[in-house]
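A.B. asks: Take a look at this one; I'll ask things after.
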Amino acid sequence: MDHRPQAWGRPRDDVYGAYDASFMNPNGPNQATQSPIVTGTSVVAIKFSEGVVIAADNLASYGSLARFTDVKRLRTFADSTVIGFGGDVSDMQYLDRHLTSLAIDESYSAPSLDSDAGGPPKARLNAANLHKYLAKLLYARRSKFDPLWNHLLVAGLDDDDKPFLAAADLLGTTFSAPSLATGFGSMLAQPIMRRFAPDEEAAARLTREQAVDVVKQCMKVLFYRDARSLDSYSIAVVTKDGVDLKENEKLENQSWAFAERIRGYGTQTA
Amino acid sequence: MTSIGTGYDLSNSIFSPDGRNFQVEYAVKAVENGGTSIGIRCKDGVVLAVEKVIASKLWRPGANKRIATIDRHLGAVYSGMIPDGRHFVDRARDEARAWRDTWKSPIPTADLASRMGGYLQAYTLYSSVRPFGITAIVAGFDPSQPSPVDGEVGRGPSVGPGGVKEGLTHGGPGLYMIEPSGLYWGYYGAATGKGRQAAKAELEKLDLAGEGISLEQGVKEAARIIYVAHDDNKDKEFELEMSWISDVDGPTKGRHEEVPRAVREEAERLAKKALDDDDEEEGKKDDEKMEE
């Protein structure tokens with residue numbers, strides 16, 4: 001009888017043949033995430049005069065299966081920043097927990113409410129700082145060949161309380177523009193938003209209502225043309241006054257008339 | 001203390017023949033010299049307050065905070081040796097974080113009190129350590145609504161099995177006081193430090209166990225009680241520091257926060273007024289006695 005620990009609980013070699021114990025071999029390469037599993041699709045965001053509008057639908061896909069239809073991919077941090085997550089949902093949860101513990105650490109030394117400056121204390125975890133932190137984290141992870149499979153948009157205010165919008169992806173690449181979109185949105189939504197905000201000056205002239213309308217229009221186009229999307233979505237407006245987050249919006253005034261002209265939609269007649 | 005000098009008070013972890021651990025009792029003495037700390041458990045929240053004795057005129061007003069945040073929904077204040085209290089707070093933060101790492105949700109106030117009670121008690125068992133020279137008051141608000149798990153992305157089915165039951169409430173305010181021995185109890189109102197006798201007498205006058213008082217009322221009472229407890233010690237200057245925790249639908253949105261300046265100053269104004277009125281009344285009574 002084989003009493004070595006490797007053989008504990010295993011079928012007997014003399015009865016079942018040699019057991020393949022190769023998985024217990026500590027040598028060989030570590031396997032990191034090779035591809036995302038449960039994924040969220042596009043996030044879109046645009047700056048306007050006093051802040052940023054950001055939106056993402058509530059779907060988490062498992063491959064092409066619409067697996068979870070109640071997944072909130074916009075996260076609020078420090079009551080002043082919204083992060084929109086595209087890509088792997090479990091990595092998003094990891095980042096969410098990580099940022100939550102960061103925010104708790106920050107609250108230990110919360111600036112005094114009666115500080116001489118008067119008014120509410122300035123958030124040190126503002127959008128600009130969070131974006132820099134997340135980009136460094138993503139870069140560190142890709143440098144370990146174990147990336148966090150996300151493409152994030154960070155919306156909020158910078159150190160001067162000006163609207164801030166920037167992206168960071170799984171390679172640690174950062175990018176900033178008056179309007180941003182991840183995933184399919186970078187192809188389908190970005191051109192629409194650029195019509196309204198081609199540059200910073202144009203974005204600074206947009207009103208809150210205009211920006212919300214543009215983003216809603218983008219969400220509709222994305223639902224029409226992205227097969228991994230959903231008609232229920234979350235939208236947030238970040239301004240100096242805080243975050244106005246709505247998590248169960250429905251696309252309105254859908255019209256699928258355009259589909260009739262496209263081969264491949266519905267029952268084929270010719 | 002007739003047993004002093006018998007040698008049983010020289011080491012922790014050694015009982016005296018009549019069953020006492022003198023090191024722990026001496027630690028309690030250290031607490032009794034510290035600035036008064038109190039906690040009030042109200043209907044819709046908890047208030048912590050401390051009398052911060054100004055040891056130096058070179059301290060910047062409002063700096064050197066004495067009340068610490070343990071987790072979003074938890075705060076602590078202590079009387080006694082401040083460095084010991086700082087270490088207590090560090091440990092409590094570690095416990096709260098470890099709980100979140102394991103359970104992905106905030107630590108209930110009762111569990112934090114239990115963990116910290118166990119921690120302090122371990123410092124009464126060994127001759128190589130001394131007990132903590134503090135009595136700590138831990139306050140928290142466990143959310144009354146089912147709170148999302150950290151990093152949760154959906155709420156599960158909206159109907160049928162696994163759906164959320166409407167109208168159920170849980171949690172609520174919690175207040176615990178932990179002594180150097182590791183002993184802890186839950187309280188409606190807790191007081192420790194130099195002015196604890198006066199503070200306890202005032203706390204007992206409030207109807208905390210029955211109908212309860214509102215959080216706003218609690219803030220005013222806390223300020224008044226710290227002023228009353230300080231009254232016997234008038235020559236020393238002090239600063240009042242207060243923090244509060246309400247439910248998610250209250251003023252602090254379920255978080256442990258410093259009481260805003262305007263609210264605190266109003267409470268202090270009322271506290272000073274109440275003290276002056278009391279003095280006047282006593283003065284009148286004395287006059288009446290003189291006339292008799």
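The values are calculated or read from the model by the stated rules, or taken from the named source; none is laboratory data. Fair warning: this is a prediction, and the values are worked out from it, not measured in the lab. Here the Cβ is made from the backbone with ideal geometry for all residues, glycine too, and neighbour counts use every protein chain on show. These area figures cover heavy atoms from the full protein model, side chains too; ligands, DNA and RNA do not enter into them. Shrake-Rupley method; radii C 1.70, N 1.55, O 1.52, S 1.80 Å.
A.B. asks: Do we find a residue being among the acidic types (Asp, Glu) and within 20 Å of residue B:119 (Cα to Cα) anywhere in the range B:15-28?
C.D. replies: Scanning the range B:15-28 turns up at least one residue that is among the acidic types (Asp, Glu) and within 20 Å of residue B:119 (Cα to Cα).
A.B. asks: Name the residues in the range B:241-265 that are open to solvent by less than 70 Å² (accessible area, probe 1.4 Å), among the charged types (D, E, K, R) and either within 14 Å of another protein chain (Cβ to nearest Cβ) or over 19 Å from the mean Cα position of the chain (by Cα) (or both), would you?
C.D. replies: Once the filter is applied, which keeps residues that are open to solvent by less than 70 Å² (accessible area, probe 1.4 Å), among the charged types (D, E, K, R) and either within 14 Å of another protein chain (Cβ to nearest Cβ) or over 19 Å from the mean Cα position of the chain (by Cα) (or both), the range B:241-265 yields B:241, B:258, B:264.
A.B. asks: Being without any contact (Cβ under 8 Å) to a residue 40 or more places away in the chain and either open to solvent by 50 Å² or more (accessible area, probe 1.4 Å) or within 16 Å of the chain's Cα centre (by Cα) (or both) is the filter here, so list the residues in the range A:229-258 that pass it.
C.D. replies: A:241, A:244, A:246, A:250, A:252, A:253, A:254, A:255, A:256, A:257
A.B. asks: If you don't mind, there's one more thing I want to ask. Which ones in the range A:137-182 are in contact with a strand residue (DSSP E or B) (Cβ under 7 Å, 6 or more places away or on another chain) and of a type in the set (Phe, Trp, Tyr)?
C.D. replies: A:149, A:164, A:175
A.B. asks: Filter the range A:69-102 for residues that are surrounded by 17 or more Cβ atoms within 10 Å (Cβ to Cβ) and within 30 Å of residue B:266 (Cβ to Cβ); which is modelled with the lowest pLDDT?
C.D. replies: It comes out as A:78.
A.B. asks: Given the conditions (1) more than 8 Å from chain B (Cβ to nearest Cβ); (2) more than 16 Å from the chain's Cα centre (by Cα); (3) modelled with pLDDT under 95, report the number of the one that residue A:47 does not fulfil.
C.D. replies: Here residue A:47 meets the rest and fails (3).
A.B. asks: Consider the range A:63-101. How many of its residues are touching a residue at least 24 places away in the same chain (Cβ under 8 Å), within 11 Å of chain B (Cβ to nearest Cβ) and more than 26 Å from residue A:227 (Cα to Cα)?
C.D. replies: Total meeting the criteria: 5.
A.B. asks: Against the definition (within 25 Å of residue A:244 (Cα to Cα), surrounded by fewer than 24 Cβ atoms within 10 Å (Cβ to Cβ) and of a type outside the set (D, E, K, R)), how does residue A:35 come out, yes or no?
C.D. replies: no
A.B. asks: For the range A:67-91, enumerate the residues that are farther than 24 Å from residue A:34 by Cα, outside any strand (DSSP E or B) and touching a Leu at 6+ places or on another chain (Cβ under 7 Å).
C.D. replies: A:69, A:78, A:80
A.B. asks: Among the residues in the range A:12-25, are any assigned to a strand (DSSP E or B) and either open to solvent by less than 10 Å² (accessible area, probe 1.4 Å) or among the small types (Gly, Ala, Ser) (or both)?
C.D. replies: Checking the range A:12-25: not a single residue is assigned to a strand (DSSP E or B) and either open to solvent by less than 10 Å² (accessible area, probe 1.4 Å) or among the small types (Gly, Ala, Ser) (or both).
A.B. asks: A further question follows. Criterion first (within 12 Å of chain A (Cβ to nearest Cβ), touching a residue at least 24 places away in the same chain (Cβ under 8 Å) and β-branched (Val, Ile, Thr)) does residue B:38 satisfy it?
C.D. replies: The answer is no for residue B:38.
A.B. asks: Out of all the residues in the range B:164-186, is one or more modelled with pLDDT under 95, over 24 Å from residue B:41 (Cβ atoms), open to solvent by less than 80 Å² (accessible area, probe 1.4 Å) and within 14 Å of chain A (Cβ to nearest Cβ)?
C.D. replies: Yes, the conditions are met somewhere in the range B:164-186.
A.B. asks: Take the residues in the range B:138-155 that are touching a His at 6+ places or on another chain (Cβ under 8 Å) and assigned to a strand (DSSP E or B); name whichever of them is modelled with the lowest pLDDT.
C.D. replies: That would be B:142.
A.B. asks: Still on this structure: Answer yes or no: is there a residue in the range B:106-116 that is within 12 Å of another protein chain (Cβ to nearest Cβ) and closer than 15 Å to residue B:140 by Cα.
C.D. replies: For the range B:106-116, residues within 12 Å of another protein chain (Cβ to nearest Cβ) and closer than 15 Å to residue B:140 by Cα: present.
A.B. asks: With respect to the numbered conditions (1) crowded, with 17+ Cβ neighbours inside 10 Å; (2) within 14 Å of chain A (Cβ to nearest Cβ), which one is the sole condition not fulfilled by residue B:218?
C.D. replies: Residue B:218 satisfies every listed condition except (2).
A.B. asks: Does any residue of the range B:55-75 turn out to be hydroxyl-bearing (Ser, Thr, Tyr), farther than 17 Å from residue B:132 by Cβ, within 14 Å of another protein chain (Cβ to nearest Cβ) and open to solvent by less than 40 Å² (accessible area, probe 1.4 Å)?
C.D. replies: Yes - at least one qualifying residue is present in the range B:55-75.
A.B. asks: Now for a different question. Sort through A:198, A:191 and tell me the only one that's modelled with pLDDT of 95 or more, more than 16 Å from the chain's Cα centre (by Cα), part of a loop (DSSP other than H, G, I, E, B) and over 19 Å from residue A:58 (Cα atoms).
C.D. replies: On inspection, the qualifying residue turns out to be A:198.
A.B. asks: So which residues in the range B:191-214 are touching a Phe, Trp or Tyr at 6+ places or on another chain (Cβ under 6 Å) and either touching a residue at least 24 places away in the same chain (Cβ under 8 Å) or open to solvent by less than 20 Å² (accessible area, probe 1.4 Å) (or both)?
C.D. replies: B:208
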